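J.: Please read through the structure below; I'll follow up with questions.
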Amino acid sequence: MHRKDIYDVKRELAKAGFTLTSLATTAGFSESLCRVSMREPCLSGERLIIETTGFNPHDIWPDRYASNGVRIIGRNKSSTKSPHHIRKNTPEFLPIGQTRRYKRSGDM
C-alpha cells in the first residue's frame, strides 16, 4: 500500500463524518489532539485516527510504526530532546562542594 498523507486521512475521516477536530472532541480529548498527532508523536491521537480510518499506521507514519503496525519504541519526541531545558543552577548540576546562595528578604 502507498504512504498516506494528511489529505488521505482527512478524506477518510470525512467519509466517516468527522474532521480531525471533531474526532478528538467527540472522543473527549482537546480539539487539537488529532491535528498534533499528524505532525508529532501522540499515541492517543494516533489510535483515534487509526481506528476511525482503518489505515495501517505505517502507511500514515512510517517513521513511528513498523510495516506490521507495531509502534517503534524510542522514536518519540521526549527521547530526542536536547538538555537545553535543564536548569544549570539546580543543586544536581552545581560543581561538587559549591552550594547555591540565597538572599534572605532582610539581607541587602
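J.: State which residue is modelled with the highest pLDDT when the search covers only the stretch 61-86 and only residues that are within 15 Å of the chain's Cα centre (by Cα) and β-branched (Val, Ile, Thr).
T.: Per the stated criteria, the residue is Ile72.
J.: Restricting attention to the stretch 13-46, report how many residues are among the acidic types (Asp, Glu) and in a helix (DSSP H, G or I). Give the steps one after another, and end with the answer.
T.: We begin by selecting, within the stretch 13-46, every residue among the acidic types (Asp, Glu); these are 31, 40, 46.
Filter once more, so that each one left must be in a helix (DSSP H, G or I): 46.
Here the count works out to 1.
J.: Here is a follow-up. Within the set of pairs 6 or more residues apart or between chains, which connect a residue that is farther than 13 Å from Pro62 by Cα inside the stretch 1-15 to a residue that is part of a helix (DSSP H, G or I) and among the aromatic types (Phe, Trp, Tyr) with Cβ atoms less than 6 Å apart?
T.: Nothing qualifies.
J.: Could you list all residues from the stretch 47-63 that are in a loop (DSSP other than H, G, I, E, B) and buried (at least 19 other Cβ atoms within 10 Å of the Cβ)?
T.: Filtering the stretch 47-63 for residues in a loop (DSSP other than H, G, I, E, B) gives 54-56, 61-63.
Trp61 - this is the single residue of the stretch 47-63 that is in a loop (DSSP other than H, G, I, E, B) and buried (at least 19 other Cβ atoms within 10 Å of the Cβ).
J.: Name the one entry in Lys4, Lys10 that is of a type outside the set (A, V, I, L, M, F, W, C), part of a helix (DSSP H, G or I) and surrounded by 13 or more Cβ atoms within 10 Å (Cβ to Cβ). Give the steps one after another, and end with the answer.
T.: Numbers: Lys4 fails: part of a helix (DSSP H, G or I).
None of the others qualify; the one that does is Lys10.
J.: As an exercise: evaluate Leu43 against (1) in contact (Cβ under 8 Å) with a residue 24 or more places away in the chain; (2) in contact with a strand residue (DSSP E or B) (Cβ under 9 Å, 6 or more places away or on another chain); (3) crowded, with 16+ Cβ neighbours inside 10 Å and give the number of the one condition it does not meet.
T.: (3)
J.: When the residues of the stretch 22-73 are filtered to those that are in contact with a Ser or Thr (Cβ under 9 Å, 6 or more places away or on another chain) and of a type in the set (Gly, Ala, Ser), which remaining residue is farthest from Asp5 (Cα to Cα)?
T.: Among those residues, the one meeting the criterion is Ala27.
The values are calculated or read from the model by the stated rules, or taken from the named source; none is laboratory data. All values derive from a computational prediction rather than experimental measurement. Note that each Cβ is placed from the backbone with ideal geometry, even for glycine, and that neighbours are counted across all protein chains shown.
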